[in-house]
Amino acid sequence: MMAAPERVAAIPAQNCSAARWESNRLRADSIAAASALVFVTVPSFYIRTPVTMPVMTKEEILLARSEFLFPAVFHLYREPLVIERAKDQFVWDADGKEYLDFFGGIVTVSIGHANEEINAAVCRQMATLGHTSTLYATGPVGELAKKLAEVSPGGRLTRSMFTNSGSEANETAIHAARLFTGHSDIVALRHSYHGRSQLSAALTGNQAWRHSGTTAPGITFAHNAYCYRCPFGLTYPSCGVRCAHDVRDLIRTTTSGRVAGMIAEPIQGVGGFITPPREYFSIVSDIVREHGGIFISDEVQTAWGRTGSKWFGIEHWGVTPDAVTSAKGLANGLPIGLTLATNEVAQAVPPPTISTFGGNPVCSSAASAVLDFIQQHALLSRTEENGQHLREGLLRLQSKRSLIGDVRGMGLLQALELVTDRTAKTPAAAETTALLEAAREQGLLIGKGGLHGNCVRISPPMDIGLADIDEFLLRLDRAFETITRH
Ligand code: PMP
């Protein structure tokens, strides 16, 4: 492959995002352009920022991907989608095709791509102080930690530890739980996903993400509250929430009887947005505490208002956890991991500990700006209202499309479970893959999940409008039409 020649251009721009737009336009204009020197103006600064924009064609990108990335890095779609740029609820591919993004880079773009307020905060911070490591104190970390303590569940989780990803946030929480309780056993849930590191993969209850087999001892898996496919063959509410009460038996039969804690997603994300009944978490958290453990809510997908009306998913169940973990949507796409815990749990972790990138000033500023944006635009209540509108539309679609076996989720975290036969509930995995392809054709991005790969995951930015939801429903219906015709 030949390296592309280079060109340098000077572009005055109003802010970072404008500069990116402009440099993208230049890229498209000139096949020869390989890098652009961009002058960026932010409100009180004048920053001269060289931005390297290597130019590769779509074919070169795909070739480089197949030759130089770990083959394990998989992409959605038969032909990987090469995304070139994005703004608000839209992304554009390398051929200039526009898509309505209802997956948000896996539930991560909380408030729209290239959000101007977040970009301004990032640019301002980047120009001021880009990196320190946790060895030094900075304003952005102090400000973010204070804000998090203010919004934390029950106002009780006042201590933050910042890292780089959800996997690391969960590692930190388990470490703290073991130190705090002096016990080692952890209860996790079947169908869960907690990350790709060795420990977080060992906490994950889905074979697809456990390639190394069992690498960490001391983890026991409870049945999850999967009402559509009840592991006990029962029906809610006459089941008496058997799956929750079974946690007591699980602890007494598979552990020493004393546990460090339980980790659970309020709504299982990768599992296909499996949403437990309203009694579930108070029952299991009480059982775990009775046996000496703490309750950790993995909010990597469910935090920051995504489920509507509450900052954290677990708040819908009326439970105050001892720790929550988060990542994804907290900084709208910039890498960040958060373990938020009670003072007592945090105090149990002895010094020293360090994270080179944890609490990066730029990512922390972005996260603070995301929290401000959510507050200023009343996105908790808006997400609840928009989520209701989306849910009603999905239920209408279910009455029309027999492939849709179940509609579930909360707020703007909604899923469809597809089945080829509603009585036998046979997972429609091939049809789900075909639906994703058909949606792509319709200019719509949606996600996939579930143990059988038969769930459609829907998680648009939380600042979308009703018209976007209606357009989404229209395109999704057309995608269903295409796959049922063939
Ligand atoms: N927990 C949950 C609930 C997740 O959905 C994910 C990511 N899909 C993780 C943890 C791991 O996060 P990361 O990919 O940032 O390590």
Per the C-alpha gyration tensor (a ≥ b ≥ c, the square roots of its eigenvalues), the range 361-457 is rounded if a/c is under 1.5, else prolate if a/b beats b/c, else oblate; here it's prolate
The relative contact order of the range 167-243, taking Cα pairs under 8 Å that sit 6 or more residues apart, comes to a percentage of 26 percent
Taking a ≥ b ≥ c as the square roots of the Cα gyration tensor eigenvalues, with a/c under 1.5 meaning rounded and otherwise prolate when a/b beats b/c or oblate if not, the range 302-347 comes out oblate
Mean separation of Cα contacts under 8 Å (at least 6 apart) over the residue count of the chain, i.e. the relative contact order in percent, is 18 percent
For the chain, the convex hull over Cα atoms projects on average to an area in nm² of 23.3 nm²
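Would you please name the chymotrypsin sites (Phe, Trp or Tyr not before Pro) within the range 54-140 that are DSSP coil residues with at most 14 other C-beta atoms within 10 Å of their C-beta?
Hits after loop and neighbour filter: Phe74, Tyr77, Tyr136.
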For the pair Leu395 and Gln376, the simple spin-label estimate (label points 7 Å beyond Cα toward Cβ) gives in nm 3.6 nm
With a Förster distance of 22 angstrom and the Cβ-Cβ distance between Glu150 and Thr356, calculated FRET efficiency to the nearest 0.05 equals 0.20
Ser212 and Asp286 label points (each 7 Å along its Cα→Cβ direction) are spaced in nm at 3.8 nm
Taking a crude spin-label model, label points 7 Å out from Cα along the C-beta direction, the Arg258 to Leu466 distance in nm is 5.7 nm
Checked the range 298-397 against the a/c 1.5 cut and the a/b vs b/c comparison, axes a ≥ b ≥ c from its Cα gyration tensor; verdict prolate
Helix-only [θ] at 222 nm, the chain, -39500 (n - 2.57) per DSSP H run of 4+, per residue, nearest 500, equals -11500 deg cm²/dmol
Within the under-13-Å Cβ sphere about Phe480, not counting Phe480, Lys/Arg +1 and Asp/Glu -1 give a net charge of +1
Expected sort for 324-336, 350-362 on mean C-beta neighbours within 10 Å, highest first, is 324-336, 350-362
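Every number in this text was worked out from the coordinates using simple rules, so none of it is lab data. Worth saying up front: this structure is predicted, and the values here are computed from it rather than measured. Backbone-built Cβ (ideal geometry, glycine too); neighbour counts: all protein chains shown.
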